[in-house]
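Below: the structure, in structure tokens.
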Amino acid sequence: MSEGDTPSAIDSLIEEILDARDEAENRPAEAEASEADVDAAEPDNTVPAVEPSEPVMKLGYADVAGQETDAAAPVAELDQVIAERDTYLADSQRLAADFANFRKQSEKRVSDAAAAQSAALVRNLLPVLDACDSALEQDPESGVAPIRAALLAELEKSGLALVSPEPDDHFDPELHDAVMHQPAEDGSSGIPVVGEVLRSGYSWQGRIVRPAMVRVVG
């Protein structure tokens, strides 16, 4: 710079020098900012590493055996439930069979008791029929015949039956009561037969309540 330069020229020169320095200082910052913008504009294709939410466990022999045991536990429980069901079913079936047998036995006892009571009543009425028979033998024209017929008809409706064998019928100890015995005329000891009916017998509902009183021949 020469001595003839004015102060204004000197000031202008100083300003140019300062501007040049500032421009030189700002260039590296602008370059870095431009590179940062380019990096931000480009997509990031890198795959981020995935961190496991839970730690990875390594299964050993003991762990596998434990899993097998856990899987077999429901099967064992099911087998136990089935066995208990079969036991309860067998018990209920046995109880039902016992109850059915008890009911049948109870019904039979009630039926037998009712039959025994009715048979006892009929047995007590038989002497009345015997008295009517005796009266008719003494006087066939007496008024006893209608009474005997009416009583016998009502009893027969309920199950009374006359047991009166004919002469020469085979002797049956279940139906006949032998109160007299007469040897056969030819002296043989053959099959005994009924020689005479001394008193009629009766059955009630298929059961003998009084056997016929007979004289046996043979």
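Coordinate-derived values only; no laboratory data. The structure presented is a predicted model; accordingly, all values stated were derived computationally and were not measured. Because the Cβ atoms are built from the backbone with ideal geometry, glycine has one as well, and the counts that use them run over all protein chains shown.
Here are a few things to note about the model shown:
- Cut-off under 5 Å, modelled amide H: who pairs with ASP177 long-range: ALA212, MET213, VAL214
- With the simple spin-label model, which puts each label point 7 Å out from Cα in the Cβ direction, the ARG94 to ARG199 separation comes to 5.4 nm.
- Backbone HN-Hα couplings from phi across the stretch 93-103 [Karplus 6.51/-1.76/1.60, Hz, Gly and Pro as x]: 5, 5, 5, 5, 5, 4, 5, 5, 5, 4, 5
- Here the extension length gained between LEU18 and GLU185 equals 41.8 nm, from 0.36 nm per residue of separation less the Cα-Cα distance.
- Cut-off under 5 Å, modelled amide H: who pairs with ASP169 long-range: VAL194
- Table column - 3J(HN,Hα) (Hz), the stretch 135-151, Karplus curve with 6.51, -1.76, 1.60, x for Gly and Pro: 5, 5, 5, 6, 9, x, 8, 6, x, 7, 4, x, 5, 4, 5, 5, 5
- Distant-in-sequence amide H partners of VAL209 (H built 1.01 Å from N, under 5 Å): TYR202, SER203, TRP204
- Once the Cβ-Cβ distance of LEU121 and GLU166 is raised to the sixth power relative to R0 = 30 Å, the FRET efficiency obtained is 0.55.
- You can think of it this way: the chain between ASP177 and ILE147 has 8.1 nm of extra reach, that is 0.36 nm per residue less the Cα-Cα gap.
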